[in-house]
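Encoded as structure tokens, the structure appears first; notes follow it.
The values are calculated or read from the model by the stated rules, or taken from the named source; none is laboratory data. Since this is a predicted model, take the numbers as computed values, not measurements. Heads up, the Cβs are rebuilt from the backbone with ideal geometry, glycines too, and the neighbour counts pull from every protein chain shown.
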Amino acid sequence: MASAAKSRLNRTVRSQRGTEESPWVRAVLIGAALGFAGLFLLLPLANVFAQAFSKGAAHYFKALANPDTRSAISLTLVVAIIAVPLNLVFGVAAAWLIAKFDFKGKALLLTLIDLPFSVSPVVSGLIYVVLFGLQGYLGEWLQDHDIKIIFAVPGIVLATVFVTFPFVARELIPLMQAQGSDQEEAALTLGASGWQTFWKVTLPSVKWGLIYGVILCNARAMGEFGAVSVVSGHITGLTDTLSLRVEKLYNEDVAAAFATASVLALLALITLGLKTWLEHRQAAELLRAQAASLIDSDADNSHTIRPAGSTSAESDSATASRAAA
Amino acid sequence: MAFKKPSPLPGFGLSLGYTVFYLSLIVLIPLGALFCRVVTHMGFAEFWKLATTDRAIHSYQLTFGASLIAAAINAVFGTLLAWVLTRYEFPGRRLLDALVDFPFALPTAVAGLTLADLFSRQGWLGRYLVPAHIEVAYTPLGVVIALTFIGMPFIVRTLQPVLENLEREVEEASATLGAGRLRTFVSVILPTIMPALITGFALSFARAIGEYGSVVFIAGNKPGKSEITPLLIFLRLEEYDYTGAMAIAVVMLLFSFVLLIGINLIERWASRFQN
Amino acid sequence: MSIELRQISKQFGEVRAVEGVSFTVQEGELVALLGPSGGGKTTVLRMIAGLETPTGGDLFIRGQRVNDVSVQERNIGFVFQGYALFKTMSVRQNIEFGLKIKKWKRADIDARVAELLKLFGLEGLGARYPHQLSGGQRQRVAIARALAPKPSVLLLDEPFGAVDAKIRQDLREWLVRLHHELNVTTIFVTHDQEEALEVSNRIVIFSRGRLEQIGTPREVYEKPANEFVARFIGVLNVLELKVQNGQARLAELSFPSHGVPEGNTLRIGFRPYAVQISAQTGEYRYRATLKHIFFLGVLLRLELETPSGLTIRTRIIKEEFNRLGIAEGAEVSFQIREYRVLSREGDALSHEVPVAQLVSLAEGI
């Protein structure tokens, strides 16, 4: 996020004179880009809402009021409420470990943390079936103890945790690496314990990156389809998440499927909005910081040109002697 | 060298312990279990037979082929989008910039649903394409379109920072030496952004290989025609053919690992050009 | 607060950052740790703070061995090179951080913070955040934060490195005055010899992890313990002369052999200020042409060329130059007032020889 924010900053500052394309080339390029984006971004988005309301608002709200859809909404929320905090705690621990310490095997650990990103969602679901399914390693033991994981909520949570595993860590690690350990060391020299340093110094300074990671993690957790589809068992009203509910309704009532999908699309739009807001916030902060330091260093220089050789630092020590006296 | 460089900061043991514990619990043990199961429950001959059935082979071809085509389309249009977003000021630029992440934020089931609908006989696009005998729904073309949709942000977002940090002076130097804009783009800019472009291409390709949700709606379920590998695994599971599903899953996983290592190497290589 | 290092060493993997360093800092001193980068001075400072653990030797603070005392319990104030201000906290919150950790009473905290804001000329800036401060203000906040819990020793890592040259001079003077008023034992790290000479009571000079010399600014300048110190503190011209027929020679320059055997090389070093110049060509032993004059402000740098083509660079103050009344191209004579004999290996300075006869130099400033 920080790099995105920084580059935004560059753009506003730089002049483009001398390396510009002719106006018609720009027009063609912009037109082609807008055409591509319109076809691949705007059209699918518009279609979701158009189809959702294709049978009127009444049908739309009736579709959302369906008890099975309601239960899918609450299951989706429950899964996210469990999965996101788990990965948040992990992300913070992993980022602390990787950003603050140097140890053997760090590169390997980083790669392993990224691993779930490169595993197909269907395979992500499958591995839990292999472990907890009836024919899986723990299947018999679980059945004997009457514990259901696969085709039940715990399986859905596990699969969701797997696919959203790296999100927070990935956002925090580069951020904490860029910040270094100076602030933490300063806190230690002032007598702070490890936990005090973490809560009062580290956490506040990565707050926005953390929120950013949580938003992305949450979006994926609420919208995951493939992995959840494998472990859910598709029991209507019990183990259907919103995504699964959309799939099921698609074969029964397309307008209702789109109505349900519109809830998820809305979630995506909110996610995008928050993400953009956070990035701009970051850029604005950077800009403010730059502007402020410019102004203040000017002010400092004007202090040094005071008559009688008096300087800002000297006036400080004048204050100091008065305080001491 | 010691295992860990000394540091005055506390919490190494705790954070290492928790990270490794959680990583093992959620990722390593389940993935290991799959490999274990395949190794212990089937011989190599059986694994090979299950992993290379005609249906599986065809699904690999479709998955890899469509993913490659989609990544290539994105390489072209993603570069265009990134260029336009970083270089030009036009109404709606910020909105477009935010929307680039839409395929990433949109749940895949919703993407699949709306794409399938757009290209269906009554859909906004299908109503023009189908009479012109361009069939998208339930064909490999549909697979390519879905994969292009979900892969696009990867290329744009990888290229954008690189384009933004391009040194203007280099382009200006090229101009003062008499090169036109196109020549400057091809000989000066393109080589500079190439590492990022390759990284973005690889990320987009990797994402497409494993994609499931957005494809199943539009691709339908036609064995040997529009059936991607993740769908085949899913169907094998539905049929309670666990060994069949696992064999194909292992093939996919191995390929994912190779890609992951490849992307890491590309990124390491690319970072050499950054500074 | 006395601090004593006894044979302190620090090894990072294969790298020996600090090797067998011993020195003592007395209560109330202002000491500079000086050396080129990579010399180990920052590592020594961080070991005193407890941010690094020595791999060998003992560290005493007020006579008590503190090797195993944690950084939190050492009661030191540390000012980081980049200041390491807590950027999510205001100036006030930064300064009161250590006091809150030590569970001071609210009223005491407020009084202490007000006192420090006043002392450091930061009144009215308490609510500002670090990014809203100038470089000089940030540095003062960093020092105020470090001093707030009344540490027994103040440690500063390159305190003037991050501010621009204009403010640096003011800050040096200000630090000296602050030290006079608070009288807290202060150790700071610098790679700038001028800074060390100007600010500190005593200087500890490091290179490649070893202690080269410890002494007052005057001692290390006038009596450098070895060639490294001589070269590092101030400017040193070095001449390599061949000993022939009992005389060490380089072109027309000749020196006594100082006991160096025939055919071997004698190395001597001298400060650029040790060269005396006269407008009369006959006054001193060697003749030269004044090739270039460089104005450095109060000082001037002169480049002389001997008839055989050796270039000799010297510095004189403006008044002296005006008195000479010479211009570029003038014929002059010169001598070297004093020089030091460097050992053949170029390590220890054997002795100092004030000299009557004329000698001249080859290597530049």
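Annotations for the structure displayed:
- Considering residues of segment A:227-247 that are among the aliphatic types (A, V, I, L, M) and part of a helix (DSSP H, G or I) only, the residue nearest to B:A245 (Cα to Cα): A:V230
- Criterion: in contact with a helix residue (DSSP H, G or I) (Cβ under 9 Å, 6 or more places away or on another chain) and within 15 Å of C:L211 (Cα to Cα) - qualifying residue of C:G35, C:G28, C:G40, C:G50: C:G35
- Scan of segment B:101-140 for residues that are in a loop (DSSP other than H, G, I, E, B), within 11 Å of chain A (Cβ to nearest Cβ) and in contact (Cβ under 8 Å) with a residue 24 or more places away in the chain, ordered by number: B:D101, B:P107
- Take the conditions (1) hydroxyl-bearing (S, T, Y); (2) surrounded by fewer than 23 Cβ atoms within 10 Å (Cβ to Cβ); (3) under 26 Å from B:A270 (Cβ atoms); B:S204 misses just one of them, which is (2).
- The one condition in (1) within 7 Å of another protein chain (Cβ to nearest Cβ); (2) under 26 Å from B:I209 (Cβ atoms) that B:Y88 fails to fulfil: (2)
- Those helices (runs of 4 or more DSSP H) lying entirely in segment B:159-275 with at least 1 residues under 18 Å from the mean Cα position of the chain (by Cα): B:190-210, B:213-219, B:229-238, B:242-271
- Only one of the numbered conditions (1) more than 24 Å from B:I155 (Cα to Cα); (2) in contact with a helix residue (DSSP H, G or I) (Cβ under 6 Å, 6 or more places away or on another chain) is not met by B:V188, and that is (1).
Results for (1) among the hydroxyl-bearing types (S, T, Y); (2) touching a Lys or Arg at 6+ places or on another chain (Cβ under 8 Å); (3) under 19 Å from B:Y60 (Cα atoms); (4) modelled with pLDDT of 90 or more, shown as yes or no for each residue.
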{"residue": "B:Y212", "(1), (2), (3), (4)": "yes, no, yes, yes"}
{"residue": "B:K222", "(1), (2), (3), (4)": "no, no, yes, no"}
{"residue": "B:I228", "(1), (2), (3), (4)": "no, no, yes, yes"}
{"residue": "B:L235", "(1), (2), (3), (4)": "no, no, yes, yes"}
{"residue": "B:V251", "(1), (2), (3), (4)": "no, no, yes, yes"}
{"residue": "B:N264", "(1), (2), (3), (4)": "no, no, no, no"}
{"residue": "B:A270", "(1), (2), (3), (4)": "no, no, no, no"}
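- Boolean, C:L310 is within 30 Å of C:R202 (Cα to Cα), surrounded by fewer than 20 Cβ atoms within 10 Å (Cβ to Cβ) and not hydroxyl-bearing (S, T, Y): no
- Only a single item in (1) more than 13 Å from chain C (Cβ to nearest Cβ); (2) over 30 Å from A:V119 (Cβ atoms) is not met by A:R170, and it is number (2).
- Scanning segment B:161-177 for residues that are more than 7 Å from every other protein chain (Cβ to nearest Cβ) and among the polar types (S, T, N, Q) turns up B:S174, B:T176.
- The residues on offer are C:V220, C:V199, and the sole one that is surrounded by 20 or more Cβ atoms within 10 Å (Cβ to Cβ), without any contact (Cβ under 8 Å) to a residue 40 or more places away in the chain and either closer than 24 Å to C:T43 by Cα or among the charged types (D, E, K, R) (or both) is C:V220.
- Put simply, of A:S15, A:S7, A:S22 the only residue that is of a type outside the set (A, V, I, L, M, F, W, C), surrounded by 13 or more Cβ atoms within 10 Å (Cβ to Cβ) and at pLDDT below 95 is A:S7.
- Tally, over segment A:246-275, of residues that are among the charged types (D, E, K, R) and more than 9 Å from chain B (Cβ to nearest Cβ): 3
- Residue in segment B:148-162 that is of a type in the set (S, T, N, Q) and under 17 Å from B:A111 (Cα atoms) present: yes
- Any hit, segment A:70-86, residues being at pLDDT 95 or above, at the interface with chain B (Cβ under 9 Å from one of its Cβ atoms) and within 24 Å of the chain's Cα centre (by Cα): yes
- Test for B:T192: is it in contact (Cβ under 8 Å) with a residue 60 or more places away in the chain and either surrounded by fewer than 23 Cβ atoms within 10 Å (Cβ to Cβ) or farther than 30 Å from B:Y212 by Cβ (or both): yes
This table checks each residue for (1) surrounded by fewer than 23 Cβ atoms within 10 Å (Cβ to Cβ); (2) more than 20 Å from B:F234 (Cα to Cα).
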{"residue": "A:K106", "(1), (2)": "yes, yes"}
{"residue": "A:D114", "(1), (2)": "yes, yes"}
{"residue": "A:V119", "(1), (2)": "no, no"}
{"residue": "A:V122", "(1), (2)": "no, no"}
{"residue": "A:V129", "(1), (2)": "no, no"}
{"residue": "A:W141", "(1), (2)": "yes, yes"}
{"residue": "A:V161", "(1), (2)": "no, no"}
{"residue": "A:F165", "(1), (2)": "no, yes"}
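- Some residue of segment A:192-205 being at pLDDT below 95, within 25 Å of A:K106 (Cα to Cα) and among the small types (G, A, S): yes
- Members of segment C:120-150 found to be among the charged types (D, E, K, R) and not in a helix (DSSP H, G or I), listed by number: C:E123, C:R128, C:K150
- Residue that is farthest from the other protein chains (Cβ to nearest Cβ) [pool: residues in segment B:1-42 that are among the small types (G, A, S) and not in a helix (DSSP H, G or I)]: B:A2
- Of the residues making up segment A:186-237, those that are in contact (Cβ under 8 Å) with a residue 24 or more places away in the chain and basic (K, R) number 1.
- Residue check for C:G346: at positive phi and at pLDDT 85 or above: no
- Set C:V176, C:V189, C:V113: member being in contact with a helix residue (DSSP H, G or I) (Cβ under 8 Å, 6 or more places away or on another chain), surrounded by 21 or more Cβ atoms within 10 Å (Cβ to Cβ) and part of a helix (DSSP H, G or I): C:V113
- Of all residues making up segment A:25-57, the number that are buried (at least 16 other Cβ atoms within 10 Å of the Cβ), β-branched (V, I, T) and over 30 Å from A:T260 (Cβ atoms): 1
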